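Asks: Quick one: the structure is below, questions incoming.
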Amino acid sequence: VLTHATIAHITAEPVSCDLQAKGAIAIDMGKIAWCGGMIELPDAYRNWPTENLEDRLVTPALIDCHSHIVFGGNRASEFEMRLEGASYQEISRAGGGIVSTVKATRAASEEALLADALTRVDALIREGVATLEIKSGYGLDVETELKMLRVARRIGQVRNIHVRTSFLGAHTVPPEYSGRGDDYLDQVCIPALRLAAEAGLADAVDGFCEDIAFSPAQIALVFDVARQIGLPVKLHAEQLSNLGGAKLAAQYGALSADHLEYLDEDGVQVMAEENMIAVLLPGAFYTLRETQLPPIDLFRKYRVPMAVATDCNPGSSPLASLLIAMNMACTLFRLTPDEALAGVTVNAARALGIAGRGNIAPGMQADLAIWNAAHPSELSYRIGFNCLHRRIWSGT
Ligand code: DI6
Ligand code: FE
């Protein structure tokens, strides 16, 4: 039984965060058995072992619902090129970008990919993250796509973290299929997806809908297969331009559309009708020095729940801090600190289609973050200060 807790109860739509002072949380068999005010603690729990939290803030453990955290090499040289004026799209069209990480990821052993990814995963865990989504998409051949997904699963075995995988074979067209995107989808991406699903390596299917990647019609070919095999979909949509990706995703009952800087009001309405989550990725917005803001006021107006994630990847968001993503979501996108917290808890769980996590209530998984803080706004306000006191994962 955790006692003397300041418990953050987060409600979605509209977002609010109610603080309960002098709270208690009883944990049994990895689940929250009871929570409420200390004085109401049922007798049954009175002689259980206790931990006095000395009024610290307790939130659900954090959920990073969009990452590309498994990859080979790095792209510091492209960072320098962009500082000299090259754009992300120009670098991509010149054969750099995602393709340069594909080369490094194909060349790396499974062990090396795992060790490298763990350095970043450990940084997230130190900030109270207990659930992490990980995408493939730097293999773009059957073997390497599966290798990435196996590494993602192994992360969940060697660390105390829940991993959800997304198959992202439709990330970009690899050089050996240059100019033949349809052939790539037909001969590599879709067969890889079927194999990944058979092996239980994919929990969802994602794609990159952009003129440097795939058109909505091409993404639809991949989503048709996802539907056949019964996997939920999500989409990188409207990040650099508006191709109508979010609408396409809505037609497939997508869990989320992600990025969304160029989404219009029509697209927001369609997302609302399909109960999709808008996943905001301010690390990519910041890194690419984007100036087009995602339509935050429209998300609020149409009650599209907003999640916030790192997008941790070597190109557009080399960010391994969900707390900094929250800070950026507030400072750059003008989310309220309560919205940012909902974005990495309850709404992030919805973006992954998982129940039982992302809030503090009886029956929920006992994944908690205990902070050296009194108020949730402190989590978003500081930059580069980690005020985590202790993380509880599955009850311990
Ligand atoms: N959008 C992104 O921001 C990442 N993937 C995507 O589809 C970037 C991937 C990269 O540049 O390596
Ligand atoms: Fe991404």
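The values are calculated or read from the model by the stated rules, or taken from the named source; none is laboratory data. Keep in mind it's a predicted model, so treat the numbers as computed, not measured. Heads up, the Cβs are rebuilt from the backbone with ideal geometry, glycines too, and the neighbour counts pull from every protein chain shown.
Asks: State whether the residues of segment 94-102 include one that is over 21 Å from Ala320 (Cβ atoms), in a loop (DSSP other than H, G, I, E, B) and not small (Gly, Ala, Ser). Give the steps one after another, and end with the answer.
Replies: At the first step, the residues of segment 94-102 found to be over 21 Å from Ala320 (Cβ atoms) are 94-96, 99.
With in a loop (DSSP other than H, G, I, E, B) added as a condition, the list becomes 94-96.
With the extra rule that they be not small (Gly, Ala, Ser), the set shrinks to none.
No, there is no match, as no residue in segment 94-102 is over 21 Å from Ala320 (Cβ atoms), in a loop (DSSP other than H, G, I, E, B) and not small (Gly, Ala, Ser).
Asks: Look at Asp211 and say whether it is within 14 Å of ligand 1 (Cβ to nearest atom) and at pLDDT below 95.
Replies: Spelling it out, Asp211 is indeed within 14 Å of ligand 1 (Cβ to nearest atom) and at pLDDT below 95.
Asks: Identify all residues within segment 248-270 that are charged (D, E, K, R) and surrounded by fewer than 21 Cβ atoms within 10 Å (Cβ to Cβ); write none if there are none.
Replies: Asp264, Glu265, Asp266
Asks: Still on this structure, I have one more. For Thr105, indicate whether it is under 26 Å from Ala220 (Cα atoms) and not in a loop (DSSP other than H, G, I, E, B). Write out each step before concluding.
Replies: Working: under 26 Å from Ala220 (Cα atoms): no; not in a loop (DSSP other than H, G, I, E, B): yes.
Considered against the rule, which asks whether it is under 26 Å from Ala220 (Cα atoms) and not in a loop (DSSP other than H, G, I, E, B), Thr105 comes out as no.
Asks: I've got another one for you. Checking the conditions here, which among Ala342, Ala329 is within 16 Å of ligand 2 (Cβ to nearest atom) and crowded, with 24+ Cβ neighbours inside 10 Å?
Replies: On the way: Ala342 fails: within 16 Å of ligand 2 (Cβ to nearest atom).
Step by step, each of Ala342, Ala329 is checked, and only Ala329 is within 16 Å of ligand 2 (Cβ to nearest atom) and crowded, with 24+ Cβ neighbours inside 10 Å.
Asks: For segment 247-292, which residues satisfy the criterion of being free of Cβ contacts under 8 Å to residues at least 40 places away in the same chain, in contact with a helix residue (DSSP H, G or I) (Cβ under 7 Å, 6 or more places away or on another chain), within 15 Å of ligand 2 (Cβ to nearest atom) and not in a strand (DSSP E or B)?
Replies: Selection gives Leu260, Glu261.
Asks: If you scan segment 93-150, which residues turn out to be charged (D, E, K, R) and within 16 Å of ligand 2 (Cβ to nearest atom)?
Replies: The answer is Arg120, Glu133, Lys135, Glu145.
Asks: Let me ask something else. Output the number of the condition that Val173 fails; it satisfies all remaining conditions of (1) within 16 Å of ligand 2 (Cβ to nearest atom); (2) part of a loop (DSSP other than H, G, I, E, B); (3) of a type in the set (A, V, I, L, M, F, W, C).
Replies: With (1) within 16 Å of ligand 2 (Cβ to nearest atom); (2) part of a loop (DSSP other than H, G, I, E, B); (3) of a type in the set (A, V, I, L, M, F, W, C) applied to Val173, the lone miss is (1).
Asks: Here's another thing I want to ask about it. I'd like to check something: does segment 47-61 contain any residue that is within 16 Å of ligand 1 (Cβ to nearest atom) and touching a residue at least 12 places away in the same chain (Cβ under 8 Å)?
Replies: For segment 47-61, residues within 16 Å of ligand 1 (Cβ to nearest atom) and touching a residue at least 12 places away in the same chain (Cβ under 8 Å): absent.
Asks: Turning to a different aspect of this structure: Residue by residue through segment 104-145, note down the ones that are within 12 Å of ligand 1 (Cβ to nearest atom) and at negative phi.
Replies: Matches in segment 104-145: Ala104, Thr105, Lys135, Ser136, Tyr138.
Asks: So, one more: Take the residues in segment 129-147 that are in contact with a Leu (Cβ under 7 Å, 6 or more places away or on another chain) and part of a loop (DSSP other than H, G, I, E, B), then tell me which one is surrounded by the fewest Cβ atoms within 10 Å (Cβ to Cβ).
Replies: Looking at residues that are in contact with a Leu (Cβ under 7 Å, 6 or more places away or on another chain) and part of a loop (DSSP other than H, G, I, E, B), I get Gly137.
Asks: Criterion first (of a type outside the set (Asp, Glu), more than 14 Å from ligand 2 (Cβ to nearest atom), in contact (Cβ under 8 Å) with a residue 24 or more places away in the chain and on the phi < 0 side of the Ramachandran plot) does Ala220 satisfy it?
Replies: Answer is yes for this residue.
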